[in-house]
Each structure stands twice: as C-alpha cells, then as structure tokens.
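Enquirer: Attaching a single structure in structure tokens format; questions to follow.
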Amino acid sequence: MQLGIMRFRKTVVAGGIALLALAALSLPGEAGVKPGDFITPDNAAQVKDLVSPGVYYKVQRGMTMKITPTERIDWPPPYKDATEKYASQVQLSKDHRTLVGYVAGQPFPLIDVNDPYVATKVVWNALWRPISTDDYDLRYYDCDTVYTGKNKPYFAIWYYQTGHYAGYDLVGRTEVEPLPVDPDFKHTNRLWLFLLGPQLAPQDGRGTSLLRYRYDSPTHGDDTWTWESGTRRLRRLNEAIMSSATGAYSWDPDHYSGFNPKTEQYDYKLIGEKEMLATVDAEHSPEIRCTTDGGGSACPERWQMRHMYVVSAEPRRSVNNAEAIDSKTVIYMDSEMWFEPYVDTYDRRGELFRSHIYWLAYRDRPVPDAKIAIYPFKREFVVGAVSTDVQSGQATMCYLPGIETAERECWYINMGAVDRAFFTTEAMVKMSETGHM
C-alpha cells in the first residue's frame, strides 16, 4: 500500500552513518492540522487520517490534543556510536526472521521500503531501540481503570500501584558495564530480563509480581513466572497469557512498552509510511489526568507530526503461536525515536479490540526537579500510557511517574540501578514477601 507520493531523503547521524528514509511529498489529510490547533471531539475529523483508529476512538470520546511544531529527536550519543560500529555486520537469518551478528546499536539503520523484509527489520529496530539499552528501573507508578467517554465524570473502578517496572539487557549494552554484551549471555542465551512488582495496591493483591525472560533462540519462548500473594505460590505462566488482559486491568504484558511479544512468532508486512500525529515531547511529567474523557487519557497534551512506518503483525499460528488471542496487531513506528507512539490490536473477528497509546517526553531528566536521574543529553521517557478496550470502553491509564506515589524521579535509565541479581525468582519472592523495594 502506497501512502502519498514518496521520495528518498538522506539524513546523516553522528558517526557518519547515512540513514535512508522516505519522506512524503503529499499525504491525505496532512493539511488537516497546523501548529496552534486544539483538537476536541467537535473537530476530531481533522485528525482522522493522521492517527490510528484506536487513537481516533479516544479523541471522539474526549481526549484533546494541542498541535505543536515537529521537533527533531536525536539518539543518545553512545547508541549512535554503537550503531556506527556494529550495524554493518548485522543481517537477517536465512529464514529472514531473526538477527545474525547483532551486538549493539540499531540493527538496520538503512531502511528501504522496497526491501521485501523491511517490515521485519522495522520491528527488530524497535526491539533494540535507543530509549534504553542497558537497564531501567521505573520506581513507583500508578494506574486508574475507568470507563471512558466524552465529558464523563472521573470515577475509578480500580486503582493499581507497583514498586518496580524494571529491565536488564544482556545484549546491546552501550552505557553501563559490562559492555556491549553481558558474559552471562553465552551461558544462558537470555537477551533481556523484566520484572514488574511488587504490587502495592490494591491491598488484596499486595506483593504480586511478574518475572519474564526473553531468549535469543528463535524457537525458545519466553519464560514467565508470577508470585501471587494470595496463594503464596510461584507459578509458571503459559506464553499465550502474555497477550491477555483480565479483570479491571486493561494492559497485557506484550504491550507494556509498545509491541513486545517474541519477534519470531509473527509475520510482518509494511502497510506503508505516513506523516502522523504523536506525543514525543510531552509537556507534563507527572502527566495530568484528562478531565474531558473520564480520566481515560492524558490531556491536553502536545502532539506533533511525525514520520511513521505502519506495520501489521499476524501470529504464526501454524508454527509457534497457535493460541494468540489477537488476529492482527498494527504497529505505528516513529522513524526517529524508534518507539511506537500507539499500537492497535484486532480480535479474531478482525474488529478493533484494544488501543494502546504512549506519551513520551524528550528531555535530560524525567521530572523537572530531579536530583539523581539527570543525563548529559536528552533522551526519551514514557510519562503516560493507556490501554483501552474499545469494545467496552474500559481504559487503564498509567502515570509514570505516579500521581499518588512516594518516588518522584521515577525513571532510572542506563544508570546501573538494577543488575542481573534483581531478576531471579528468589529475589522476586523475597521482595514480594518483605515489601522491601
């Protein structure tokens, strides 16, 4: 699918790597907004062609947008350097599904839409993205679940707070020793480790935690465990559950940070590329609760035109993903920051099911009054995220940092805040039982 009239544009990044991007000369609906416009449900039609169907659903139901000028987003210098050093040796495997020769930085800085495997390369670029490369620890964040709607009063049906949203990469490290690969990778084949927990609220689930490992082998699925405070049991989870949201919580682990299931379990197709709206330079941190949609988003917030790759992902049911609950995921990938500002998923009937939106801030610290989490360059921080079941209107809006949490600096990225020892079942159980962060 060709979106508009395309031409090649060459952009040079630090270290001399030429990034080949495709710029749109004329695109449907591009004239629909300009800096200074304020988008509400009453004039939502102006952005219909500039956002995903899931985002448009949110605007129709009260989420507002402040349209601002487009801003350039640069990569952290260590990530640029690693891309220059290692990108030339990276290629897809013989079956065109997994990476060969990857060490650090962006795997495929040269993107050509005429490449038959461009969609797969876009997704791999997103996995090894510049937002964090070594470790991260989001300390204390909270979420509200509401039923969203135009001018609905705020009424939370569920409130959630947790102590850590943390990860550790064993490959692709650029800022914190060991560089660029943790020696443990050779023994365990693990690419990254992730921990969510312990749950601090609501009280009936206090201590519940989730631990997840991703492996380099394309045939080795993720290992995932949960510690449930009620039963005081460590449970091994089926991989298919990672795309499932249950109860009054709309998020599923495969979309906590964009599109995050195991890459080789999907087939990818480039739908096209387009100038679209996204939040990459949020005004607020902490984010503010939207008063015009029942608290189902962060608004008003700054949105700007961004160059996006639009990719569909369909589960490989006949090979290794038979239990996937979604029939298709549509990924909207920002071509500069390489993070998905939004992702839409479709149910087995092919109907829009869930909308995931991420608000990102571009700055040298996650909050204006930070005293520790301060960086020598600007980087992206996710400051808000919402998952909405568009078929029921249930939305879980998360604030990063939290609105009602003790920790204000929140994001510690590539600072050695967590190490491998933090991501074991023993450490998870101990932390969940003692409550020590």
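Enquirer: Please report Rg (one decimal) and Dmax (integer) in Å for the Cα set of the chain.
Expert: In Å, with Rg to one decimal and Dmax whole: 20.5, 59.
Enquirer: Ordering 173, 363, 206, 233 from largest to smallest accessible area (1.4 angstrom probe), what's the sequence?
Expert: 233, 206, 363, 173
Enquirer: Still on this model: Kyte-Doolittle mean at least 1.0 and Cα extent at least 30 Å along the axis: which DSSP H helices of the chain qualify?
Expert: Details: long enough: none.
Helices passing the filter in the chain: none found.
Enquirer: Sticking with this structure for a sec: Which chymotrypsin sites (Phe, Trp or Tyr not before Pro) from the stretch 348-437 combine a DSSP loop assignment with at most 14 other Cβ atoms within 10 Å?
Expert: Values: sites: 353, 358, 359, 362, 377, 381, 399, 411, 412, 422, 423; in loops: 377, 423.
Sparse-neighbourhood loop chymotrypsin sites (Phe, Trp or Tyr not before Pro): 377.
Enquirer: Among all the lysines, which ones have a C-alpha under 29 Å from residue 274's C-alpha, if same-chain residues fewer than 8 places away are not counted?
Expert: Partners within reach: 10, 34, 48, 58, 66, 80, 121, 150, 262, 328, 378.
Enquirer: Now for a different question. Per-residue accessible area for residue 398 at 1.4 Å probe radius, Å² rounded to 10?
Expert: Estimated to the nearest 10 Å², residue 398 gives 10 Å².
Enquirer: Per residue, how much accessible area does the chain have with a 1.4 Å probe, in Å²?
Expert: Here the per-residue accessible area is 39 Å².
Enquirer: Need one value: the accessible area of residue 312 in square angstrom, 1.4 angstrom probe, rounded to the nearest 10.
Expert: Estimated to the nearest 10 Å², residue 312 gives 10 Å².
Enquirer: Using label points projected 7 Å from each Cα along Cα→Cβ, tell me how many nm separate residue 72 and residue 156, to one decimal.
Expert: According to this spin-label approximation, the distance is 4.1 nm.
Enquirer: Given labels modelled 7 Å from the Cα in the Cβ direction, how far is it in nm from residue 322 to residue 48?
Expert: For the pair residue 322/residue 48, the computed spacing is 4.2 nm.
Enquirer: Taking the Cβ-Cβ separation of residue 186 and residue 392 as r and a Förster radius of 45 Å, what is the calculated FRET efficiency to the nearest 0.05?
Expert: With R0 = 45 Å, the Cβ-Cβ based efficiency is 0.45.
Enquirer: At 1.4 Å probe size, with the rest of the protein present, what percent of the exposed accessible area of the chain is carbon and sulfur atoms?
Expert: 52 percent
Enquirer: If you average the C-alpha positions of the stretch 302-317 and of the stretch 322-344 separately, how far apart do those two centres end up, in angstrom?
Expert: Going from one Cα centre to the other spans 5 Å.
Enquirer: Compare 369, 184 by solvent-accessible area with a 1.4 Å probe and give them largest first, with all protein chains kept in place.
Expert: Of 369, 184, the descending order of accessible area is 369, 184.
Enquirer: May I ask you to rank 236, 420 by accessible area, largest first, using a 1.4 Å probe over the protein chains only? Please list the in-between numbers first.
Expert: Working: 236 140, 420 90 Å².
Sorted descending by solvent-accessible area, the residues read 236, 420.
Enquirer: Follow-up question, since we're still on this one. Suppose a student asked you for the relative contact order of the chain, using Cα pairs under 8 Å spaced at least 6 residues apart; what percent would you report?
Expert: 19 percent
Enquirer: Consider all pairwise Cα distances in the stretch 178-307 and report the whole-number % of them above 18 Å.
Expert: Tail of the P(r) past 18 Å holds 70 percent of the pairs.
Enquirer: Do any cysteines in the chain lack another Cys Cβ under 4.7 Å, and if so which?
Expert: 410
The values are calculated or read from the model by the stated rules, or taken from the named source; none is laboratory data. Bear in mind that the values here come from a model prediction, so they are computed numbers and not experimental data. Glycine gets a Cβ as well: all are built from the backbone with ideal geometry, and neighbour counts include every protein chain shown. Accessible surface areas use protein heavy atoms only, side chains included; no ligands, DNA or RNA. Shrake-Rupley method; radii C 1.70, N 1.55, O 1.52, S 1.80 Å.
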